[in-house]
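The values are calculated or read from the model by the stated rules, or taken from the named source; none is laboratory data. Please read these numbers as outputs of a predicted model, since none were measured by experiment. With ideal geometry, Cβ positions are generated from the backbone for all residues, glycine too; neighbour counts draw on all protein chains shown.
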Amino acid sequence: MGTIQLSHRPAAYSGPGSPDRYTGKRLDLTVGGVWSLIKTAARLSVETLLLWQERYRMRRKLLELDNRMLEDIGLSRAEIWREASKPFWRA
């Protein structure tokens, strides 16, 4: 099976099989293409969740540092609180 080509549609058509507006490439609507999209979405979702988990963990660890350690790394208690108060999804 190949990629579906909708050549009879006007250039402004933005439905299935039309060029992606960001890359200009046609969408691959074959079973393999859809499966590839699903795998990519799953991988990116897992990577994002792992990143968020790491941010959360590191921000909690920052709160555990004593004043001597903060001085060693050049951060103030206020900077630590500001960083630790951010939601995990915010960089």
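The set of residues in segment 45-89 that are in contact (Cβ under 8 Å) with a residue 12 or more places away in the chain, part of a loop (DSSP other than H, G, I, E, B) and of a type in the set (D, E, K, R) contains only 86.
For the residues 52, 81, the requirement of being more than 16 Å from the chain's Cα centre (by Cα), over 30 Å from residue 26 (Cα atoms) and surrounded by 10 or more Cβ atoms within 10 Å (Cβ to Cβ) singles out 81. Residues that are among the aliphatic types (A, V, I, L, M) and surrounded by 10 or more Cβ atoms within 10 Å (Cβ to Cβ) were ranked within segment 21-37; the one that is modelled with the lowest pLDDT is 27.
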